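The values are calculated or read from the model by the stated rules, or taken from the named source; none is laboratory data. The model shown is predicted, which means the values in this text are computed figures rather than measured ones. No Cβ is skipped: glycine too gets one built from the backbone with ideal geometry, and neighbour counts run over all protein chains shown.
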Amino acid sequence: MIYSVGENIYAFNSGIEFAQISRTKDLLANGEAAKIVTKEYNRFLSRDTATLGLTSDQYVNMYDYFQKATNVERKELSVRFLETVPLRDYHVTGVDANYSTIDYMGRTLAKMNIMPGTVGLAGDIDYFDRVGNKELTQFYDWRGFLSMEQTYHPDGSVALQTFFDIDGKPVIEIVHMFINGVVSPSMYKLLDFYGQDYVFDTQNQLFTFFLNELNSASQGVFVADRPSVVESVLGVVNPIKTIAYLHESHLEKNSITGEKGIKLAYEGIVAPKGKRFDLIATGTATQAAEIKQGYAVNATTGLQTASYPIDDTNKQTALTKLVYVGRLAPDKNVTALIEVFQNIHERKADTELYLKGYYASPEYREQIEQQIKQANLAEVVHVLDYSIDNSEIYQDASLFITTSENEGFGINALESMSHGVPVACYAVDYINENLVTNGKNGITITNRTPHNLAKLIIETFGDVKQVQALKANTLKTSQAFDDKHLVSQWQAAIKA
């Protein structure tokens with residue numbers, strides 16, 4: 001079993017989650033046992049995984065596991081038919097589409113919030129004391145059972161969280177106490193697990209216990225896909241192999257000296273003080289070689305972690321529609337991307353830019369929107385809502401642009417190539433030459449400025465035959481990174 005270990009699967013996911021999903025599906029489709037493992041509590045997990053095309057046997061969440069809810073069919077639970085609310089004694093009043101109230105003798109006892117995206121289904125219920133202070137909240141899982149409830153300290157901060165199995169039995173308690181003036185989790189208690197109670201100081205300790213349960217049931221290869229799960233993965237006893245997968249560069253520039261050093265998040269992987277991973281994997285052989293040469297690690301290798309089916313229907317050779325699909329975040333340097341487009345649009349007025357993804361924060365959204373407005377580009381820059389199906393945006397796209405200052409590989413660029421859409425980017429680690437090669441399947445510049453990239457893009461699209469050659473080579477590149485190649489690489493790495 002190959003366990004891809006991460007934090008969560010969200011409504012809005014990053015490239016890491018998409019890589020885990022692609023890897024797991026490719027391995028399963030080619031006869032390898034594989035599963036995604038997540039750490040964080042998420043009562044919407046079954047909804048979010050279904051949206052991503054995952055079935056319940058392709059992932060396992062720690063809280064679901066202890067709640068005996070790893071394979072539960074969804075039942076719609078109306079707020080008017082909750083067993084915890086006896087309608088003989090209490091009255092449920094529908095206020096609007098978002099919530100109802102529970103009333104008794106003229107007093108509102110509770111507010112029943114409707115499950116997001118549903119009509120009249122139980123989401124969560126806030127209960128109030130006689131003076132209106134919230135004293136208890138009950139949270140219902142998307143699948144229609146009471147999943148967790150929490151009580152509060154007098155200041156309104158969380159005091160105790162209790163998680164229930166599908167039959168209503170308490171299985172986990174998390175105690176929150178004031179530590180140095182801040183309320184934080186201070187104890188995780190696993191209740192009556194095979195007749196025993198277990199107490200942990202941190203969620204990572206509980207997660208380590210959980211991973212060992214998985215390994216006992218089916219010994220496997222554990223892949224740490226996020227730094228936050230490193231401690232727990234290294235705590236697995238007698239796994240087949242432990243692998244740390246770095247989805248981005250392990251280096252960052254010092255803002256004062258300009259020198260490159262290890263990102264703090266990756267020190268425990270590439271420069272460990274204790275136990276080491278059996279293997280450190282990266283998106284490219286180039287990065288793997290750098291880590292092997294510079295640090296005392298057991299072994300490194302470049303491993304493909306995503307693939308996309310080929311769609312060669314795009315025949316666009318004119319420079320009209322430029323696209324970017326991915327997180328809209330500072331580390332993706334979206335401000336420079338807009339500057340690139342601004343330079344292009346000044347010379348080609350019929351061009352438009354489509355950005356598809358989700359913003360890292362409301363503040364960054366405001367910054368980008370303000371930049372677009374000040375550049376007078378509001379009519380030609382379109383920000384599309386995040387979704388998992390990107391086929392429509394690529395149907396008539398001319399070019400995919402990214403101005404990120406570093407990439408672990410660039411799976412969003414690979415996706416565009418699978419649609420025959422060339423990539424324009426800065427010649428940065430580790431996308432340059434490993435995925436995108438200037439003049440072959442894309443456009444790259446070493447002198448990294450928006451003006452220079454825009455100029456080269458316009459020059460390139462002035463030659464239709466060159467654009468046709470780029471498009472043909474993008475499809476060849478995507479074919480080279482197909483699911484068979486991914487699986488063979490992982491099989492070889494595990495056996496090594």
For VAL158, state whether it is among the hydrophobic types (A, V, I, L, M, F, W, C), at pLDDT below 95, within 30 Å of the chain's Cα centre (by Cα) and on the phi < 0 side of the Ramachandran plot.
-> no
Filter pass, ILE114 being at pLDDT 90 or above, closer than 23 Å to GLY156 by Cα, touching a Gly at 6+ places or on another chain (Cβ under 6 Å) and hydrophobic (A, V, I, L, M, F, W, C) = yes
Residue tally, condition more than 18 Å from the chain's Cα centre (by Cα), assigned to a helix (DSSP H, G or I) and among the charged types (D, E, K, R), over the range 43-90 = 3
ALA289: among the aliphatic types (A, V, I, L, M), surrounded by fewer than 17 Cβ atoms within 10 Å (Cβ to Cβ) and closer than 24 Å to VAL436 by Cβ, yes or no?
-> yes
Select the strands (runs of 3 or more DSSP E) contained entirely in the range 318-399, then report the ones holding at least 3 residues which are farther than 24 Å from ASN441 by Cα.
-> 381-384
Name the single residue, out of those in the range 53-92 being more than 30 Å from ALA34 (Cβ to Cβ) and in contact (Cβ under 8 Å) with a residue 60 or more places away in the chain, that is surrounded by the most Cβ atoms within 10 Å (Cβ to Cβ).
-> LEU77
Criterion: among the hydrophobic types (A, V, I, L, M, F, W, C), part of a strand (DSSP E or B), out of contact with any Cys (no Cβ under 6 Å at 6 or more places or on another chain) and surrounded by fewer than 17 Cβ atoms within 10 Å (Cβ to Cβ) - qualifying residue of LEU109, LEU160 = LEU160
Within the group TYR386, TYR364, which residue is farther than 15 Å from VAL340 by Cα and out of contact with any helix residue (DSSP H, G or I) (no Cβ under 9 Å at 6 or more places or on another chain)?
-> TYR386
Lone qualifier among ASN412, ASN441 - being assigned by TED's automatic domain parsing to the domain that holds PRO330 and closer than 25 Å to ASN13 by Cα | ASN412
Any chance you could count how many residues in the range 121-144 are touching a residue at least 60 places away in the same chain (Cβ under 8 Å) and part of a loop (DSSP other than H, G, I, E, B)?
-> 4
Go through GLU379, GLU405, GLU339, GLU346 for me and flag whichever is farther than 28 Å from THR51 by Cα and at pLDDT below 95.
-> GLU405
Report yes if some residue within the range 294-309 is β-branched (Val, Ile, Thr), under 25 Å from ALA11 (Cα atoms) and touching a residue at least 60 places away in the same chain (Cβ under 8 Å); otherwise report no.
-> yes
Filter the range 449-496 down to residues that are without any contact (Cβ under 8 Å) to a residue 24 or more places away in the chain, closer than 25 Å to ASN343 by Cα and of a type in the set (Lys, Arg), then give me how many there are.
-> 1
Identify, please: which residue in the range 225-260 is of a type in the set (Gly, Ala, Ser) and modelled with pLDDT under 90 and is, among those, nearest to the chain's Cα centre (by Cα)?
-> SER255
Which one of GLU32, GLU40 is of a type in the set (D, E, K, R), surrounded by fewer than 18 Cβ atoms within 10 Å (Cβ to Cβ) and either assigned to a strand (DSSP E or B) or under 19 Å from the mean Cα position of the chain (by Cα) (or both)?
-> GLU40
